[in-house]
Amino acid sequence: MSAALHVEVNEKRFAESGSDGAHKQVIADLAFGVAAGEFVCICGPSGCGKTTLLNIVAGLDADFRGEVRFSDDQAREAVELGYVFQNPRLLPWRTVEENVRLASPADSYDPALVGELMKVAGLAGERHSYPEKLSVGMSRRAALVRAFAMRPGVLLMDEPFVSLDAPTATRLRRLLLDIWAQRRTTVLFVTHDTHEAVELADRILLLSGSPTRLFHEIPVTLPRAERDGVWIERFRREHLLQHLDGVAQS
Amino acid sequence: MKLLRQPTLWSMLLFLLFWQLGTLALGAMRLPGPVMVMRTLVDATASGELLYHLGITLARVGAAFVLAMLLGSAIGILLGRRKRVDRFFNSWLITLLNIPALVIIILSYVWFGLVEAAAIAAVVVNKVPNVAVIMREGARAMNRDYTELAQVYRFGYWKTLRHVTLPQLYPYLMASARTGLSLIWKIVLVVELLGRSNGMGFQLHLFFQLFDVASILAYTLAFVLVIQAIELAVLRPLDSAARRWRR
């Protein structure tokens, strides 16, 4: 079941390294909602606290002022939450398949689905390999399979395609959209690549740098099948670039 | 012949040669030769005496080993995870680590009497700080990335322990088990010498008084063989099983 999401971070501070008691404010008055089944991309300069934001939504970081609510006031524990981290984070002492199985709740593990996902991700031959034998691209794909296989209601993704070669990244974006179209998972996708954001999102949230605020919100309404390279480039020029200057100045 | 190209074989032969030369130099009374020691070993085994004392000692080593590993791991992991507890108890640990084994053994016998429990306790107290220090290092080196992964995907306590925590601690467990075994069996012998009326330590003391060097060497040889067997049959396979996933 995909869930809607409401995020409100009034204040998030980090202790500054080296100085005692000094706290740097990283996020200020940031609030947004995500509808059930919506695909939202979060764009912003690097180091602007995008990962921190995802950690807050995932419940990994509870040290902030504000709240994260799921639809119908479900507790976070009731929502199946998938998180594709910036690095793959596969347990190196478990095989690819064991990694996938461990992340799925025991009662909903579906070997047929996993087999299918492995095939689509090009990992069918690596099910019983240990992660250290995989390339970076393969590890990233395995991390995606792990997140999809648990049928998340909310899927958090933190630049999952960074440092991949272009064809692989394109293939994985296709895979992501296919799976999203089938399951209508709610997706919160962090990227600094505006091109990628325009290609994937229903809505783009532009964040400004330190402390992070919501700078602008841009809906992308054209059906994904019609978003070709030329259109994406034009959309980017017309709707995004002007704001990026603003982001840089803020 | 493949056997002739084994370096181990040649190094063993060289060792026996030096031994024999030593016997010639010092006299068979002070350093009995390999043949005589072997004969003593066979006789002591046949009479059942060696196996009895070896068995007693191994039982003590086993009990002390298990207790020290459990206690030391628990303490070490706690210290590695909780910085404030670590800062508070660090000086205790350093002190314990540096008290001579002999002092702990004597005090244990004085306080609890010449009983089996006192003997085992003395060995355990000697070994625990050692295990704790190694396991503390392991707990400190744990990767937060995996802890977060377990939290997001709701592994729960047992699944996290089995699939995330223990695999990371495993190399440290193996290291403390290895150093543990060798340290413990040396201390057990001292404990037996001072306050027990059976076991290898007691026997060695007896042979010392009788100036029976051949028996001393025979018992030592028997023990070295047992420890080697444990290394080959237990520790090595455990090691390679845990390394399977490494490139």
With the calculation restricted to Cα positions, what are the radius of gyration and Dmax of the stretch B:174-244 in angstrom? 15.1, 51
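With 13 Å as the cut-off, how large is the P(r) tail for the stretch B:134-189, expressed as percent of Cα-Cα pairs? Working shown, then result.
Working: 992 of 1540 pairs.
Of all Cα-Cα pairs in the stretch B:134-189, 64 percent lie more than 13 Å apart.
Taking 1 over the mean of 1/r across every pair of different Cα atoms in the protein assembly as shown, what Kirkwood radius in Å do you get? Mind dumping the intermediate values first?
Values: mean 1/r = 0.0359 Å⁻¹.
For the protein assembly as shown, inverting the mean 1/r across all distinct Cα pairs yields 27.9 Å.
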Separation of alpha-carbon centers, the stretch B:6-83 and the stretch B:206-247, rounded to whole Å: 5 Å
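Pop the C-beta distance of B:Ala141 and A:Val162 into the FRET formula with R0 = 22 Å and round what comes out to the nearest 0.05. Please report the intermediate quantities before stating the final value.
Values: r = 27 Å, r/R0 = 1.22.
That gives a FRET efficiency of 0.25.
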Cα gyration tensor shape of the stretch A:86-151, rounded if a/c is under 1.5, else prolate or oblate by comparing a/b with b/c: prolate
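Give the shape of chain B as rounded, prolate or oblate, defined through the alpha-carbon gyration tensor: a ≥ b ≥ c are the square roots of its eigenvalues, a/c under 1.5 means rounded, and otherwise the shape is prolate if a/b is larger than b/c and oblate if not.
Numbers: a/c = 2.71, a/b = 1.55, b/c = 1.74.
Because a/c hits 1.5 or more and a/b fails to exceed b/c, chain B counts as oblate.
At 222 nm, what helix-only mean residue ellipticity would the protein assembly as shown give, in deg cm²/dmol to the nearest 500, using -39500 (n - 2.57) for each DSSP H run of four or more? Please list the in-between numbers first.
Numbers: 20 runs with 283 residues, N = 497.
After summing the helix terms and dividing by residue count, I get -18500 deg cm²/dmol.
Rounded, prolate or oblate: which fits the stretch A:100-192 when a ≥ b ≥ c are the square roots of the eigenvalues of the alpha-carbon gyration tensor, with rounded for a/c under 1.5 and prolate only if a/b beats b/c? Numbers along the way, then the final one.
On the way: a/c = 1.61, a/b = 1.05, b/c = 1.53.
In terms of gyration-tensor shape, oblate.
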Chain A pair-distance distribution - Cα-Cα, 10 Å bins, rounded %: 7, 30, 35, 22, 6, 0
If you average the sequence gap of Cα pairs under 8 Å that are 6 or more apart and divide by the length of the stretch A:77-143, what percent do you get for the contact order? 49 percent
Among the helices of chain A (complete DSSP H runs), which have Cα atoms covering no less than 18 Å along the helix axis and a Kyte-Doolittle mean of at least 1.0? none
Could you state the angle between the C-alpha long axis of helix B:34-47 and the longest principal axis of the C-alpha atoms of chain B, as a value from 0 to 90 degrees rounded to the nearest 10? 80 degrees
So how far apart, in nm, are the two label points at B:Gln6 and B:Leu71 if each is 7 Å from Cα heading toward Cβ? 4.1 nm
One would report the Cα pair-distance distribution of the stretch B:1-123, bin width 5 Å, in %, as 2, 8, 9, 11, 11, 11, 12, 12, 10, 7, 5, 2, 0
With an 8 Å cut-off on Cα pairs and a minimum separation of 6 or more residues, tell me the relative contact order of chain B in percent. 26 percent
Using a cut-off of 29 Å between alpha-carbon atoms, which lysines can reach A:Lys119, once sequence neighbours fewer than 8 places away in the same chain are excluded? A:Lys133, B:Lys159
Taking the Cα atoms only, what angle lies between the long axis of helix B:7-26 and the longest principal axis of chain B, rounded to 10 degrees? 50 degrees
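No value in this document is a laboratory result; all are computed from the given coordinates. None of the values given here were measured: they were computed from a predicted structure. Cβ: placed from backbone, ideal geometry, glycine included. Neighbour counts: every protein chain shown.
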